[in-house]
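Report on the structure given below.
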Amino acid sequence: MEARPFNTNERRLITGISLVMGIRMLGISMIIPVFSIFATELPGSTGPLAGLAVGIFGIIQILLQVPIGKLSDRWGRKQVTLAGLIVYFVGSVLSGLSHNVYHLIAARVLSGAGAIQGVTMAWLTDGISLQRRNTALSYVGVSMGLAVIFGFTLSPIIAAKINIPVLFFICAALVLVTIVYTAVFMDNQAIIEEELPAIKTERLWEVMRNADLNRLNVIGFVGNLNINAVFFVMPLLFKKELGMEAMWKIFIPVSLLGTALMFVFARQADRRGSAAITAVGLAFEFAGILIAIVAGGLAAYIVSFFLFYAGHCILSPVLPAAASRYPNAQLKGTVLSIFNSSQFLGSGIGGLLSGLILELHYRHVFVAAAVFTVAAFIAIAGYRDFGRGGRAA
């Protein structure tokens, strides 16, 4: 049976969240390809300190994601999103002004305090029915994917022609645009009636004990650990092989193909279920990681990077959509913030481990990622869609 088209309110909500997240991601994606290069070249930097500069962003978000999610359940998604964007704006400016690695770490602490990803995903799912969430999130994913394409293209060119710090200032300017757009054009959504919970007194500890949510948390943790590890190591390898100014030749086709696969597999998840599509995404990631372990040279790096990034793109819209199916809809902001906390924990540990292990050999980073990916496969094998027993997620 064909799914009904999105109505006017749903289209407006999807468009708004897509613009906010897409513009924000454009700024972030201009930093990601060169961040490890910037962090390792700052005065006072070492491998572990550079890893801390990468990982501290996620660690701070772990501490704040759940409180901010609970705050959004009470005060409203719009209000909390605006506050987070303002904090992230200030952190981006200070990152660009960093004169040594310690300044950068402090600025990234502030940037991490703008923990709004769980809030924006809850905002989107507030007004989208259960059956359409993977598709809705895929549209948001496409906007973010297009932002990644442009960001990955511009990043190495601007960094080579001007310098890396200017990328942080461009990121701050783009965040300012999202602040204005959110304040003027976005509105809070009422939870759709079909999801009003039968139980409204569930406590946080009961949510955190849910087996299926914990399985998704494990996969989200591994996914973000892996992406931070790969983006810590690969830019350093690409710079060595090609030079920073030519890295866009790799990032553009990889991001284009990854975005296309994100959209295709998100729609499949609405039909076949999150478990099957998550397994596909993990298989792509694992294949890319194995190639990086057993082979070397530019060709192997490119193939590895493509397979891994394709897997990451497949997982990106599917996992939060699955988490949003938690039975008590009034705790959606809290649930998605718990899920995002697991992701940010992975980001933090991924950065820290990469900085520590890289001093031994880059392949050791990929060996660690492979071990964690096996744990993610085990987690998805036991997933039961919060007791629904159906395929859709």
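Table for the structure above
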read-out: Relative contact order, percent, the range 54-148 [alpha-carbon distance under 8 Å, six or more residues apart]; value: 35 percent
read-out: Correct choice for volume of the Cα convex hull per residue in Å³ that was computed from the model, options (1) 201; (2) 174; (3) 118; value: (3)
read-out: Value at 222 nm in deg cm²/dmol, rounded to 500, when DSSP H runs of n ≥ 4 in the chain each add -39,500 (n - 2.57); value: -27500 deg cm²/dmol
read-out: Computed over the range 6-125, Kirkwood Rh from alpha-carbon pairs, angstrom; value: 15.3 Å
read-out: All Cα pairs of the range 201-250, percent lying beyond 18 Å; value: 56 percent
read-out: Dipole magnitude (debye, nearest 20) for the range 229-299, charges at Cβ of Lys, Arg, Asp, Glu; value: 140 debye
read-out: Rounded Å value of the spacing that divides the Cα centres of the range 75-118 and the range 226-295; value: 26 Å
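Values quoted throughout were computed directly from the atomic coordinates according to the rules given, and no laboratory measurement underlies them. Just so you know, these numbers come straight off a predicted model, no measurement behind them. Positions of Cβ are generated from backbone atoms using ideal geometry, with glycine treated the same way; all protein chains shown enter the neighbour counts.
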